[in-house]
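J.: My structure is below; once you've seen it, I'll send some questions.
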There are 2 protein chains.
Amino acid sequence: MKIVSKEDAMKAVKKNLTINDIAAQAGVSKATVSRVLNTPEKVAEKTRNRVLAVIRTTNYRPNPLARALNIQRTGIIGVIVSDITNPFYALMVRNIEEVCRAHHHYIFLCNTDGRREEEEFYIRSLVEKKADGIILGATQMDSKNLHLLYESEIPFIFVSRLPQERERCDYVTADNEQGGYMATQYLLSLGHTRIAYLGGRWETSSNLERFEGYKKALMERDLPPQEEYLFSGEFRMEGGYEEGLRILALGKNRPTAVFCANDYMAIGLLEACRERRVKVPEELSIVGFDDIPLSALKSIQLTTVSQSVAELGALSGKILIDKILNPQKRNVRQQVVFPPKLVVRKTCAPPKIRE
Amino acid sequence: MKIVSKEDAMKAVKKNLTINDIAAQAGVSKATVSRVLNTPEKVAEKTRNRVLAVIRTTNYRPNPLARALNIQRTGIIGVIVSDITNPFYALMVRNIEEVCRAHHHYIFLCNTDGRREEEEFYIRSLVEKKADGIILGATQMDSKNLHLLYESEIPFIFVSRLPQERERCDYVTADNEQGGYMATQYLLSLGHTRIAYLGGRWETSSNLERFEGYKKALMERDLPPQEEYLFSGEFRMEGGYEEGLRILALGKNRPTAVFCANDYMAIGLLEACRERRVKVPEELSIVGFDDIPLSALKSIQLTTVSQSVAELGALSGKILIDKILNPQKRNVRQQVVFPPKLVVRKTCAPPKIRE
DNA sequence: CTTTCTTATGAAACTGGTTTCAGTATAAAT
DNA sequence: ATTTATACTGAAACCAGTTTCATAAGAAAG
């Protein structure tokens with residue numbers, strides 16, 4: 001019996017016909033149908049064509065769930081970020097998605113909002129759901145569930161932020177310390193000495209390392225970082241804005257420059273400056289970190305440390321996919337550190353001489 | 001035999017122990033273990049506790065794949081957007097994710113980049129993968145694979161952009177025509193008569209409807225839209241920038257105002273203005289659409305039509321989850337249209353009198 | 001003290017595929 | 001003509017659960 005009408009073809013999609021139906025219609029066993037689908041070269045041409053014909057007319061697609069259960073692969077890649085609303089992560093995810101799709105893998109998006117519990121929850125979920133791989137883009141150094149990853153067979157990779165035991169892991173990141181150092185050095189070279197640090201949570205490696213770079217540059221000039229110049233808020237525009245207001249409220253002792261641990265916060269700080277009518281760069285110099293597309297806007301022109309997010313994302317995706325596809329490569333560590341680059345735009349100037 | 005050591009518990013995670021192992025250890029059949037997990041009230045308390053004890057010490061988790069194969073639910077919700085890099089979509093997805101997570105559903109992120117083929121590809125993939133539900137945030141009106149959705153049992157909902165046969169579908173959107181009308185009216189009320197339209201692809205409903213609103217407002221004043229004032233580029237900042245340059249190159253006949261079909265493009269246009277040293281709003285008034293967070297920045301201050309993206313996302317998620325959880329509700333159509341709101345900021349002014 | 005109704009449980013069938021293994025038919029080598 | 005190797009194919013086992021159905025035990029009713 002042949003199936004020809006459009007209605008039947010439609011039914012095929014709706015009615016979830018199975019490999020048994022195909023086998024019956026083609027007059028073969030379901031093993032053969034499975035072989036036609038997976039290892040066609042092992043099926044005689046005549047048989048293969050007959051089966052293929054049935055598959056085509058019925059518009060049959062094997063159930064991916066049943067398949068996943070067998071071959072133990074889901075085609076899912078978990079991507080954990082802190083906030084997709086942050087252009088930094090959006091760009092990262094976008095690039096990850098592109099390389100994954102090219103290899104028939106799909107992305108599970110997880111926003112942790114920077115909360116440790118959310119990260120732990122998602123790690124557990126992804127392990128249980130048997131994701132084929134996991135990309136951690138926003139790990140907290142005190143995150144508890146990483147051991148689940150080490151114990152599972154699932155390949156995973158860190159991007160941008162690293163965990164405590166980084167030697168054991170794969171990662172792709174920028175040289176954050178070097179970046180922080182460059183930014184601060186640049187401000188010092190302009191003549192600034194009162195340089196504040198505006199960062200995120202201390203539990204994130206990127207923040208910590210950028211701070212280390214900041215500290216290093218200051219120490220080289222015998223200017224140890226001062227407690228009252230250290231600010232840390234939420235890793236977002238609002239965080240930058242709120243802490244920014246506090247910085248600007250510092251009065252006489254106000255710093256003449258701020259190194260922001262990320263662009264998104266820096267833009268928040270710029271907002272605060274506008275609101276308080278503090279002129280940038282005349283009254284306050286600002287350097288950011290990340291070089292998100294926004295920073296290049298003519299109305300923003302943020303001087304920043306660039307760390308090609310797109311590359312970060314794409315490369316991490318590639319490495320992960322490679323490990324998924326080639327299990328023998330899983331025990332060689334891939335640890336990539338991109339050199340940062342200072343992008344000088346218009347938010348920095350020498351300090352005005354006051355008093 | 002009781003399992004107590006940490007090593008054993010770890011092995012549990014790694015070694016993928018199955019329901020059979022639990023059954024054996026608890027001295028019951030796997031059916032009973034399954035019941036303890038799914039319908040505990042149907043198991044005698046004594047037995048239940050024994051099984052639970054084993055589950056706890058072994059740290060056993062049922063394989064979600066096997067489970068999905070049985071109950072025909074994956075816990076996956078596909079979210080198709082055109083570009084997560086666009087703050088509009090980022091915000092939308094963020095809110096969708098939040099409501100989904102609250103109901104133990106997870107998000108599959110799909111970027112179509114506004115291309116019809118990608119959308120078709122993803123629709124097909126999601127249907128095949130048996131997603132529990134699909135949110136379409138960037139549908140093209142000429143998209144071909146929607147019929148797969150109608151034919152499948154999978155609940156789906158459109159956000160922001162609608163398909164051709166909208167009567168048959170669930171959707172959450174803003175009143176785009178009304179928004180376009182309001183924006184244009186506002187420009188007219190300021191005294192502008194040479195008002196350009198800068199939009200995206202004509203195949204997207206939101207663009208088309210906003211244009212309709214624009215046209216309606218103009219027609220009421222007997223000012224039919226002029227071909228040379230109609231611009232359409234990529235629905236992104238770059239698109240706005242490029243088309244913006246073309247608008248500004250119009251010389252003598254240059255429009256005095258532009259209604260942009262979305263904020264992201266409007267910001268691109270602002271870039272172009274900065275570059276060509278065209279003063280906004282003195283020499284050119286601009287109204288956007290969407291009211292993305294960026295538009296409120298002090299350095300941008302874009303006058304725009306607001307359509308609470310967050311609400312759009314959250315509500316669409318809620319409706320979809322509701323349909324997934326309550327199949328009986330699936331055949332009542334949910335069609336929500338939010339009223340838009342004009343947010344006047346600083347990119348509009350009366351036209352300068354020239355010549 | 002039967003009979004009837006619940007309740008608890010396990011065996012087996014089922015979800016929809018993949019894979020191993022054994023067997024047959026055919027081609028090649030002796 | 002006989003042996004050996006090779007190419008195909010199908011039955012059955014398997015992946016890891018859920019669900020139906022039959023049965024046994026215990027409780028309630030007659």
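J.: Quick one: Karplus J couplings for the stretch B:87-92, per residue in order, coefficients 6.51, -1.76, 1.60, θ = phi - 60°, nearest Hz, x for Gly and Pro?
T.: Listing the rounded values in order: x, 4, 6, 4, 5, 4 Hz.
J.: Moving to a separate point now. With no solvent and one point on each alpha carbon, what is the Debye value of log10 I(q)/I(0) for the stretch B:105-180 at q = 0.20 Å⁻¹?
T.: For the stretch B:105-180 at q = 0.20 Å⁻¹, log10 I(q)/I(0) is -0.86.
J.: Going highest first, how would you order B:24-34, B:331-341 by mean Cβ packing within 10 Å?
T.: B:24-34, B:331-341
J.: Please compute the net charge surrounding A:ILE76, taking Lys and Arg as +1 and Asp and Glu as -1 over other residues with Cβ under 10 Å from its Cβ.
T.: Neighbourhood net charge equals +3.
J.: So if we plug the beta-carbon distance of A:GLU117 and A:ALA53 into 1/(1 + (r/R0)^6) with R0 = 56 Å, what FRET efficiency do we get, rounded to 0.05?
T.: Taking R0 as 56 Å, the efficiency between A:GLU117 and A:ALA53 is 0.55.
J.: Restricting to Cα atoms and excluding each atom paired with itself, what does the Kirkwood estimate give for the stretch A:14-171 in Å?
T.: Roughly 18.0 Å, rounded to one decimal.
J.: Ok, one more. Ignoring everything except DSSP H segments at least 4 long, calculate the 222 nm mean residue ellipticity for chain A; use -39,500 (n - 2.57) per segment, divide by total residues, nearest 500.
T.: -13500 deg cm²/dmol
J.: If you don't mind, there's one more thing I want to ask. Per-residue HN-Hα couplings for the stretch A:43-48, Karplus 6.51 cos²θ - 1.76 cosθ + 1.60 at θ = phi - 60°, whole Hz, x for Gly and Pro?
T.: Residue by residue, the stretch A:43-48 yields 10, 4, 3, 4, 4, 4 Hz.
J.: Continuing with the same structure: Just to confirm the numbers: B:VAL337, label point 7 angstrom along the Cα-Cβ line, distances to the other copies in nm, shortest first?
T.: Copy-to-copy label distances at B:VAL337, shortest first: 5.9 nm.
J.: Report the net charge of residues surrounding A:GLN140, where surrounding means a beta-carbon distance below 12 angstrom and charges are Lys +1, Arg +1, Asp -1, Glu -1.
T.: -2
J.: Charges only on Cβ, +1 for Lys and Arg, -1 for Asp and Glu: so what's the dipole of chain A about the Cα centre, in debye to the nearest 20?
T.: Value, rounded to 20: 1720 debye.
J.: For chain B, calculate the relative contact order in percent as a whole number, restricting contacts to Cα pairs under 8 Å that are 6 or more residues apart.
T.: It rounds to 16 percent for chain B.
J.: Per-residue mean of other chain beta-carbon atoms within 10 angstrom of the beta-carbon, peptide B:262-270?
T.: 1
J.: So, with +1 on the Cβ of K and R and -1 on the Cβ of D and E, and no other charges, what is the size of the charge dipole of the stretch B:168-251 about its Cα centre, to the nearest 20 debye?
T.: Roughly 160 debye, rounded to the nearest 20.
J.: Could you work out how far helix B:237-248 tilts from the main Cα principal axis of chain B, as a 0 to 90 degree angle to the nearest 10?
T.: 10
J.: Could I get the Rg over Rh figure for chain B? Both from C-alpha atoms, Rh via Kirkwood, rounded to two places.
T.: Result: Rg/Rh = 1.16.
J.: A follow-up question, please. Take the protein assembly as shown, compute every pairwise Cα distance, and split them into 20 Å bins from 0; I just need the percent in each bin.
T.: Each 20 Å bin holds this share of Cα pairs: 16, 43, 32, 9, 0.
J.: Sum up the charges of everything whose Cβ sits under 11 Å from the Cβ of B:GLU271, counting Lys and Arg as +1 and Asp and Glu as -1, but leave B:GLU271 out.
T.: Surrounding charge for B:GLU271 is 0.
J.: Check which residues have an amide H placed less than 5 Å from A:ASN262's amide H, if you skip close sequence neighbours.
T.: A:PHE289
J.: Going toward the positive end of the dipole of chain A, with +1 on Lys and Arg Cβ and -1 on Asp and Glu Cβ, which of A:GLY268, A:LEU190, A:CYS100 do you reach last?
T.: A:CYS100
J.: Right, here's the next one. Write out the trypsin sites (Lys or Arg not before Pro) in the stretch A:246-282 meeting two conditions: DSSP loop, and at most 13 other Cβ atoms within 10 Å of their Cβ.
T.: Hits after loop and neighbour filter: A:ARG277, A:LYS279.
J.: Here's another thing I want to ask about it. Is there a quick way to get the dipole size of the protein assembly as shown? I mean about its Cα centre, with the Cβ of Lys and Arg at +1 and of Asp and Glu at -1; what is the value in debye to the nearest 20?
T.: Roughly 1880 debye for the protein assembly as shown.
J.: So which GluC sites (Glu not before Pro) in the stretch A:226-326 pass both tests, a DSSP loop state and at most 16 other Cβ atoms within 10 Å of the Cβ?
T.: Within the stretch A:226-326, the qualifying GluC sites (Glu not before Pro) (loop, at most 16 other Cβ atoms within 10 Å) are A:GLU282.
J.: Starting from the amide H of A:GLN335, placed 1.01 Å from N in the peptide plane, find each other amide H under 5 Å away whose residue is 5 or more places distant or on another chain.
T.: Amide H to amide H, under 5 Å and 5 or more residues apart or across chains, A:GLN335 pairs with A:TYR171.
J.: Moving on to the next point. Given 4 °C and 1.567 mPa s, how large is the Stokes-Einstein diffusion coefficient of the stretch B:200-355 in µm²/s, with Rh as the Kirkwood radius over Cα pairs?
T.: 76
J.: Going by amide H atoms built from the backbone, whose H comes under 5 Å of the H on B:ILE107, apart from near neighbours?
T.: Placed amide hydrogens put A:LEU109, B:ILE77 under 5 Å from B:ILE107.
J.: In addition: A 18 angstrom limit on the alpha carbon distance is what I want to check against. Which of A:LYS130/A:LYS323; A:LYS130/B:LYS129; A:LYS216/A:LYS252; A:LYS252/A:LYS352; A:LYS279/A:LYS346; B:LYS252/B:LYS279 exceed it?
T.: Pairs exceeding the cut-off: A:LYS216/A:LYS252.
Here, each number is a calculation from the coordinates, and none is a lab measurement. What you see is a predicted model; the values in this text were computed from it and never measured. A quick note on method: Cβ atoms are made from the backbone with ideal geometry, for glycine too, and the neighbour counts reach across all protein chains shown.
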